[in-house]
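J.: Sharing a structure, written as structure tokens. Questions coming.
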Amino acid sequence: MHKHISLLPGDGVGKEVMESAEAVLQAVGTEFGHTFTTEERAIGGEAVDHYDTPLPEATIQASEQADALLLGAVGGPKWDGVSAAKRPEKGLLGIRKAMGLFANLRPVKWFPALQSASPLKESVIAGSDVLIIRELTGGLYFGEPRGRNGQGDAVVDTLSYQRAEMERIVDKAFQSAHMRRGHVTSVDKANVLESSRMWREVVEAKSKDYPDVEVEHMLVDAAAMALITQPNQFDVLVTENMFGDILSDEASVLTGSLGMLPSASIRSDGFGLYEPVHGSAPDIAGQGSVNPLGMILSVALMLRHSFQMTEEASAVEQAVQETLNHGYHTADLPQENGQLMDTEHMTAAVIDYLTAKSVSDSICRM
Ligand code: NAD
Ligand code: IPM
Ligand code: MN
């Protein structure tokens, strides 16, 4: 199979983890007989520096031509003072909106090998496997009006949703739960927000179409606590844009590091942008020490969700697991008896296990 992928490395460690993604992608191509062609496009602060906008038209056009998009991360202190329209983050929000990527899937899975890297007790997190589904193109991030008044002493942001926007993300959550363990936790703030009360109505109505899926409503403040006191009670957690942003960083402690979390931002036809959940990590950028696994696991999500390459996706995920099982880790994942690796060697280890795995698989099939 041939697939063409637009690479949007962005800023800071985004560039470093993108190199890892490319190496893993080419290894998958060689192992499984696929051709992956790639082209790099500018987004974020880098695009502001070169094209005076965080999302150049050429990046959108290339994205429309591609079979899928991979993104590193955007932002950094260098651009903290620029106008709202030129903030690097505006590029990321813009590409999600321009491509209609309303469903953000953020799987958070406990890795036994990383137990000592998590601040939570093994008895609390063992076996946790949560799929956070975050609405990505509505809510506070995009609502109008927004901004300051003329005097600059009053400000407004708007949390707005159309019912149809709620319906499509809630439907995605039920579909996912139907294929997983049959449980949806819908997270809102219905004791305060009108938008949350409508969200609950939508969830209740949609649940009638999925009688095999159990639904629970949870207020976001209580959910923030439950995620780290009883993470095992969650299967699919669905929520609006900003709650999902906050809860997914919180949930990353289950894995020991934000650097472990992948994400898929998709629309109904399966087209998607795949990116790690973490940001440009300015505090460690340029050191070659960033954990590439969130990005590499995002490549696996791309193979599975956009290309239906199930076996290939599982092979990448298994290679990541093997790498961790053998004690290899980056600096964000302290391990007692492990082997500390830089980004390049961690990536090489994953590729080694990926290659060996495929070899032994093909021997088994013979
Ligand atoms: P961050 O996610 O960049 O970093 C938070 C902390 O986690 C830092 O200490 C960082 O070193 C660490 N970390 C993150 N990813 C890591 C990895 N893969 N390996 C090892 N350590 C890792 O969040 P921040 O510092 O709040 O934001 C920095 C910039 O990134 C801001 O400009 C923000 O807007 C942007 N950001 C971008 C994205 C994105 O592009 N998707 C996501 C979040 C934040
Ligand atoms: C994320 C990030 C982005 C978001 C920022 C950088 C705009 O935090 O992808 O989680 O809030 O969506
Ligand atoms: Mn975030």
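The values are calculated or read from the model by the stated rules, or taken from the named source; none is laboratory data. All values reported here derive from a predicted model rather than from experimental measurement. Note that each Cβ is placed from the backbone with ideal geometry, even for glycine, and that neighbours are counted across all protein chains shown.
J.: So which of GLY288, GLY279 is out of contact with any strand residue (DSSP E or B) (no Cβ under 9 Å at 6 or more places or on another chain) and in contact (Cβ under 8 Å) with a residue 12 or more places away in the chain?
T.: After ruling out the rest, the residue left standing is GLY288.
J.: With the condition kept exactly as written, say whether any residue in the range 150-160 is among the hydrophobic types (A, V, I, L, M, F, W, C) and in a loop (DSSP other than H, G, I, E, B).
T.: Yes; the residues of the range 150-160 include at least one that is among the hydrophobic types (A, V, I, L, M, F, W, C) and in a loop (DSSP other than H, G, I, E, B).
J.: Looking at the structure I just gave you, is TYR274 among the aromatic types (Phe, Trp, Tyr), in a strand (DSSP E or B) and either within 16 Å of ligand 3 (Cβ to nearest atom) or crowded, with 17+ Cβ neighbours inside 10 Å (or both)?
T.: Taking the combined requirement at face value, the residue satisfies it.
J.: In addition: Just the residues that are away from ligand 3 (no atom under 16 Å from the Cβ) and under 29 Å from ILE60 (Cα atoms), please, taken from the range 222-271.
T.: Answer for the range 222-271, where residues must be away from ligand 3 (no atom under 16 Å from the Cβ) and under 29 Å from ILE60 (Cα atoms): VAL238, ILE266, ARG267, SER268, ASP269, GLY270, PHE271.
J.: Any residue in the range 99-116 that is of a type in the set (Phe, Trp, Tyr) and more than 16 Å from SER252 (Cβ to Cβ)?
T.: Yes.
J.: Sticking with this one: Check off (1) within 21 Å of TRP110 (Cβ to Cβ); (2) out of contact with any His (no Cβ under 7 Å at 6 or more places or on another chain) for THR347 and give me the number that stays unchecked.
T.: So the condition that THR347 fails would be (1).
J.: Which of the residues belonging to the range 209-234 are over 27 Å from SER160 (Cα atoms) and in contact with a helix residue (DSSP H, G or I) (Cβ under 6 Å, 6 or more places away or on another chain)?
T.: VAL213, PRO231
J.: Read through the list (1) touching a residue at least 12 places away in the same chain (Cβ under 8 Å); (2) within 23 Å of GLU22 (Cα to Cα); (3) surrounded by fewer than 24 Cβ atoms within 10 Å (Cβ to Cβ), then give the number of the only condition that THR310 fails.
T.: Of the numbered conditions (1) touching a residue at least 12 places away in the same chain (Cβ under 8 Å); (2) within 23 Å of GLU22 (Cα to Cα); (3) surrounded by fewer than 24 Cβ atoms within 10 Å (Cβ to Cβ), the odd one out for THR310 is (1).
J.: Then there's this: Taking the stated definitions as given, is LYS97 surrounded by fewer than 19 Cβ atoms within 10 Å (Cβ to Cβ), outside any strand (DSSP E or B) and more than 13 Å from ligand 1 (Cβ to nearest atom)?
T.: yes
J.: Scan the range 265-277 and give yes if some residue there is more than 13 Å from ligand 2 (Cβ to nearest atom) and touching a Gly at 6+ places or on another chain (Cβ under 7 Å), otherwise no.
T.: Yes, the conditions are met somewhere in the range 265-277.
J.: Please find, within the range 253-262, the residue that is modelled with the lowest pLDDT out of those that are among the small types (Gly, Ala, Ser) and out of contact with any Gly (no Cβ under 8 Å at 6 or more places or on another chain).
T.: The extreme case among them is GLY256.
J.: So how many residues does the range 255-282 have that are of a type in the set (Asp, Glu) and in contact with a His (Cβ under 7 Å, 6 or more places away or on another chain)?
T.: Selection size over the range 255-282: 0.
J.: Exactly one condition in (1) surrounded by 21 or more Cβ atoms within 10 Å (Cβ to Cβ); (2) within 16 Å of ligand 1 (Cβ to nearest atom) is not met by TRP199; state its number.
T.: Only one criterion is unmet by TRP199, namely (2).
J.: Also, I was wondering about something else. Which count do you get for residues in the range 176-218 that are part of a loop (DSSP other than H, G, I, E, B) and of a type in the set (Gly, Ala, Ser)?
T.: 2
So that you can scan it fast, the table gives a plain yes or no per residue for (1) within 23 Å of the chain's Cα centre (by Cα); (2) farther than 30 Å from LYS121 by Cα; (3) surrounded by 14 or more Cβ atoms within 10 Å (Cβ to Cβ); (4) not assigned by TED's automatic domain parsing to the domain that holds GLY127:
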{"position": "GLU167", "(1), (2), (3), (4)": "yes, yes, yes, no"}
{"position": "HIS178", "(1), (2), (3), (4)": "yes, no, yes, no"}
{"position": "VAL187", "(1), (2), (3), (4)": "yes, no, yes, no"}
{"position": "GLU194", "(1), (2), (3), (4)": "no, yes, no, no"}
{"position": "LYS208", "(1), (2), (3), (4)": "no, yes, no, no"}
{"position": "LEU227", "(1), (2), (3), (4)": "yes, no, yes, no"}
{"position": "GLU240", "(1), (2), (3), (4)": "yes, no, yes, no"}
{"position": "ASP245", "(1), (2), (3), (4)": "yes, no, yes, no"}
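J.: Moving on to the next point. Among the candidates LEU8, LEU25, LEU55, LEU69, which residue alone is touching a Ser or Thr at 6+ places or on another chain (Cβ under 6 Å) and touching a residue at least 40 places away in the same chain (Cβ under 8 Å)?
T.: LEU69
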